[in-house]
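Below: the structure, in structure tokens.
The values are calculated or read from the model by the stated rules, or taken from the named source; none is laboratory data. Remember, predicted model here, so these are calculated numbers, not experimental data. When we count neighbours, we look across all protein chains shown, and the Cβ atoms used for this are built from the backbone with ideal geometry, even at glycine.
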């Protein structure tokens, strides 16, 4: 009999954590699990989950409504008689923890932590003791959870997996032309970019003042009318900075980037980095969060101090000036993303965890796949 699991996600946008949760759930279904997918109504993720064949139960979890959210989830769990529930984001984690602490959740509870935790010690301590297992997507996340009171015996590290469908879809000449037009691409100017919502982009803007090679920096996921865009427009010659709003259709943009950057300090294990690496792009990332779990410095990318503009400038110049190094790092990155961090590997390890918890079999804390 297939295991029946409920994946609960209060977010509905196109963030990396949403992408990771959706495609993990689709992978679990392909592997034989019965998946009930709880997500906000009338969102892109609801449509994609339904199109992928998941049993979708739209549910809006309101901010600050822990008890109401818990009651709504209790009703869903009772109707579907699942073997296990996995919380994938903050609001559902709060509600499901409340159900467990008040004795109204009898099936195993898994809490998946996809970002560097910002919860207070007591909140994290309570949630981790309510859960049967806490899944961290990187050793960095696991370490931060331990420091906030999560017992090591309840932690398992299962990294995010690359979603090949997002990077391997064909890119038409028309789509490539449209992206060139959108960012003002010029054949004589080097193009680098950050595909991320606002997360420490200013350090790269500051670094450009120290970069000699003229570049076009694309900030994909940044509101052109926001404060970050105002700061970007202040960057002077010989560089150009372009801000484009968030979109899930960034595969053509990746083709135009020579180097992909991620200065964020809060990533658990970045989907945007995985996607750039899977396409063979040399990457530069901050030595923070889960980035060092994904990138081995000078093997499949460069790792630099998070808030050091001079270090960022030096790393950018180094890759632009050394095509052989950039190509070697990109090729190694491709292998790392597609093999070490494959989605199939993530699905297999997750299903193993689910089955052991549903059967009441203890499972030792697992190491990441390096």
Worksheet item: Can you tell me which residue in region 147-167 is farthest from residue 254 (Cα to Cα), limited to those that are exposed (fewer than 13 other Cβ atoms within 10 Å of the Cβ) and touching a helix residue (DSSP H, G or I) at 6+ places or on another chain (Cβ under 9 Å)?
Response: 152
Worksheet item: Across region 60-84, what is the total count of residues that are out of contact with any helix residue (DSSP H, G or I) (no Cβ under 6 Å at 6 or more places or on another chain) and not in a helix (DSSP H, G or I)?
Response: 7
Worksheet item: Taking region 140-166 as the region of interest, how many residues are touching a residue at least 12 places away in the same chain (Cβ under 8 Å), over 16 Å from residue 274 (Cβ atoms) and assigned to a helix (DSSP H, G or I)?
Response: 6
Worksheet entry | Residue list for region 43-58, restricted to those being surrounded by 19 or more Cβ atoms within 10 Å (Cβ to Cβ) and part of a loop (DSSP other than H, G, I, E, B) | 54
Item to complete: Give just the number: which of (1) in a loop (DSSP other than H, G, I, E, B); (2) modelled with pLDDT of 95 or more; (3) within 27 Å of residue 265 (Cα to Cα) does residue 204 not satisfy?
Response: (1)
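Keeping to region 170-201, report how many residues are in a helix (DSSP H, G or I) and either outside the structural domain of residue 282 (by TED's automatic domain parsing) or touching a strand residue (DSSP E or B) at 6+ places or on another chain (Cβ under 7 Å) (or both).
Of region 170-201, the ones in a helix (DSSP H, G or I) are 173-183, 201.
Filter again for either outside the structural domain of residue 282 (by TED's automatic domain parsing) or touching a strand residue (DSSP E or B) at 6+ places or on another chain (Cβ under 7 Å) (or both), leaving 182-183, 201.
Result for region 170-201: 3.
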Practice prompt. Could you tell me whether region 127-134 includes any residue that is surrounded by 22 or more Cβ atoms within 10 Å (Cβ to Cβ) and in a helix (DSSP H, G or I)?
Written response: yes
Worksheet item: Restricted to region 315-352, and to residues that are touching a residue at least 60 places away in the same chain (Cβ under 8 Å) and not in a helix (DSSP H, G or I), which residue is surrounded by the most Cβ atoms within 10 Å (Cβ to Cβ)?
Response: 341
Worksheet item: If you take the residues in region 22-42 that are in contact with a strand residue (DSSP E or B) (Cβ under 6 Å, 6 or more places away or on another chain) and part of a loop (DSSP other than H, G, I, E, B), which one is nearest to residue 11 (Cα to Cα)?
Response: 41
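Could you tell me which residue of region 102-120 is surrounded by the fewest Cβ atoms within 10 Å (Cβ to Cβ), considering only residues that are touching a strand residue (DSSP E or B) at 6+ places or on another chain (Cβ under 8 Å) and closer than 16 Å to residue 9 by Cα? Please lay out each step first, then the result.
Taking region 102-120 as the starting set, the residues that turn out to be touching a strand residue (DSSP E or B) at 6+ places or on another chain (Cβ under 8 Å) are 105, 107-113, 115-116.
Then keep just the ones that are closer than 16 Å to residue 9 by Cα; that gives 109-113, 115.
Values: 109: 22, 110: 22, 111: 26, 112: 28, 113: 28, 115: 20.
Residue satisfying both the conditions and the ranking: 115.
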Discussion item. For region 12-21, give me each residue that is in contact with a strand residue (DSSP E or B) (Cβ under 8 Å, 6 or more places away or on another chain) and assigned to a loop (DSSP other than H, G, I, E, B).
Written reply: 12
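What about residue 28, is it over 16 Å from residue 108 (Cα atoms) and crowded, with 21+ Cβ neighbours inside 10 Å?
yes
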Worksheet entry | Residue within region 252-270 that is under 15 Å from the mean Cα position of the chain (by Cα) and surrounded by fewer than 23 Cβ atoms within 10 Å (Cβ to Cβ) present | yes
Worksheet entry | Members of region 86-101 that are assigned to a loop (DSSP other than H, G, I, E, B) and out of contact with any strand residue (DSSP E or B) (no Cβ under 7 Å at 6 or more places or on another chain) | 89
Worksheet entry | All positions within region 285-305 that are within 20 Å of residue 210 (Cα to Cα) and touching a helix residue (DSSP H, G or I) at 6+ places or on another chain (Cβ under 7 Å) | 285, 302, 303, 304, 305
Fill in: Condition broken by residue 228, with the remaining ones in (1) over 23 Å from residue 181 (Cα atoms); (2) free of Cβ contacts under 8 Å to residues at least 60 places away in the same chain; (3) outside any strand (DSSP E or B) satisfied
(1)
Worksheet entry | Count - residues of region 235-251 that are surrounded by fewer than 20 Cβ atoms within 10 Å (Cβ to Cβ) and more than 26 Å from residue 321 (Cβ to Cβ) | 6
Discussion item. Being in a loop (DSSP other than H, G, I, E, B), surrounded by 13 or more Cβ atoms within 10 Å (Cβ to Cβ) and at pLDDT 95 or above is the filter here; which residues of region 211-221 pass it?
Written reply: 211, 213, 214
